[in-house]
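Report on the structure given below.
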Amino acid sequence: MEIATDKNTLSPELQHRLEEFEAQKAEYLEQQRAFQEATQETARLRAAAKALQAEADETNSTWKEMAKEHKADQRKINAQIERAVSLKQQAEGLHRTAEVREELHGTQIVGMADARLNLQNKAGVLNAAYRDERFKELLATAGLADVVAELFALNSARVHAERNEFERDISHPVLAEEFELRDRIEREEFGQMMADYCKGSAPGQGAFEVAGVPPAVPGEVIAGSVIALKRLKAAGGEIQDDIDSRGGNHGPIRGLRRV
């Protein structure tokens, strides 16, 4: 059973808080877009640098082969040497540019992790408030209290009848403390009966949410706590796997996950 959340039925206060959440969500989505553009451009620079370096290596091999010829043309050899040097310089320049840009990536990663953790916390509070509002709204449905009360009374009568028959059979005296136990069991059985009745008709968890956090984008780092976020900031947007890949010797940063 699908139940669509009608945001128009929210209380004015919750509606206002949800609008603020959506505005922050839009800012977070813009951060993600900017990060993806930046990483794509850096990847393009890396690829271009790799291609230039490969061309420089090939040009080096070319002039060395030319130099082995019996009647080598030094002017052509010099031209190839100059071309190889130029290509290598261009490749190095692109590599350096990419390295500097990766510092920007770290700043963006920290910003997204901060924004996402904030959104996750607010989404949890908003959804809890919405469920509370909806619960109270449903309880106020006309005639619902009478129907539930009658169902509970019918179930209690059924349970009492079954137990009275059992007690007559075994001639077992009912102790005072057993009455309290009976009441608790009756409530539990009633809850189970209602759960069985609603099985297959109840909506999923997502039907009771008004605030959701967008999925993370490739390369994004998710911080699971405020402490993890602080450590991510201190590490400049890097996490343990990134540091280890460069031969660093740092302790693990827990609560961080790269998508």
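The values are calculated or read from the model by the stated rules, or taken from the named source; none is laboratory data. Because the structure is a prediction, the values reported are computed rather than measured. No Cβ is skipped: glycine too gets one built from the backbone with ideal geometry, and neighbour counts run over all protein chains shown. We work out accessible area using only protein heavy atoms, side chains counted, and drop any ligands, DNA or RNA first. Shrake-Rupley method; radii C 1.70, N 1.55, O 1.52, S 1.80 Å.
Report the residue count in the range 46-58 for those that are in contact with a helix residue (DSSP H, G or I) (Cβ under 6 Å, 6 or more places away or on another chain) and open to solvent by 60 Å² or more (accessible area, probe 1.4 Å).
2
Given the condition part of a helix (DSSP H, G or I), more than 30 Å from residue 11 (Cα to Cα) and either touching a helix residue (DSSP H, G or I) at 6+ places or on another chain (Cβ under 6 Å) or modelled with pLDDT of 70 or more (or both), answer yes or no: does some residue in the range 196-205 qualify?
yes
For the range 150-167, check the following and say yes or no: at least one residue is small (Gly, Ala, Ser), open to solvent by 60 Å² or more (accessible area, probe 1.4 Å) and modelled with pLDDT under 80.
Within the range 150-167, none of the residues are small (Gly, Ala, Ser), open to solvent by 60 Å² or more (accessible area, probe 1.4 Å) and modelled with pLDDT under 80.
Kindly indicate whether any position in the range 83-106 is open to solvent by less than 60 Å² (accessible area, probe 1.4 Å), closer than 30 Å to residue 17 by Cβ and touching a residue at least 60 places away in the same chain (Cβ under 8 Å).
Checking the range 83-106: not a single residue is open to solvent by less than 60 Å² (accessible area, probe 1.4 Å), closer than 30 Å to residue 17 by Cβ and touching a residue at least 60 places away in the same chain (Cβ under 8 Å).
Could you list, in sequence order, the residues of the range 87-126 that are of a type in the set (D, E, K, R) and either at pLDDT below 95 or under 30 Å from residue 58 (Cβ atoms) (or both)?
Passing the criteria: 88, 92, 96, 99, 101, 102, 103.
Which of (1) farther than 28 Å from residue 207 by Cβ; (2) out of contact with any helix residue (DSSP H, G or I) (no Cβ under 6 Å at 6 or more places or on another chain) does residue 120 not meet, given it meets every other one?
(1)
Being assigned to a helix (DSSP H, G or I), more than 30 Å from residue 93 (Cα to Cα) and small (Gly, Ala, Ser) is true for just one of 43, 26, 72. Which residue is that?
Residue meeting the stated conditions: 26.
Residues checked against (1) closer than 24 Å to residue 120 by Cα; (2) of a type outside the set (Ser, Thr, Tyr); (3) at pLDDT below 95; (4) exposed (fewer than 13 other Cβ atoms within 10 Å of the Cβ):
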residue	(1), (2), (3), (4)
4	yes, yes, yes, yes
8	yes, yes, yes, yes
21	yes, yes, no, no
44	no, yes, no, yes
62	no, no, yes, no
70	no, yes, yes, yes
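Which of the numbered conditions does residue 176 fail, given that it passes all the others? Conditions: (1) crowded, with 16+ Cβ neighbours inside 10 Å; (2) at pLDDT below 70; (3) aliphatic (A, V, I, L, M).
(1) is the only condition that residue 176 fails.
Kindly provide the set of residues from the range 213-240 that are in a helix (DSSP H, G or I) and open to solvent by less than 50 Å² (accessible area, probe 1.4 Å), ordered by number.
Those that are in a helix (DSSP H, G or I) and open to solvent by less than 50 Å² (accessible area, probe 1.4 Å): 228, 229, 232, 240.
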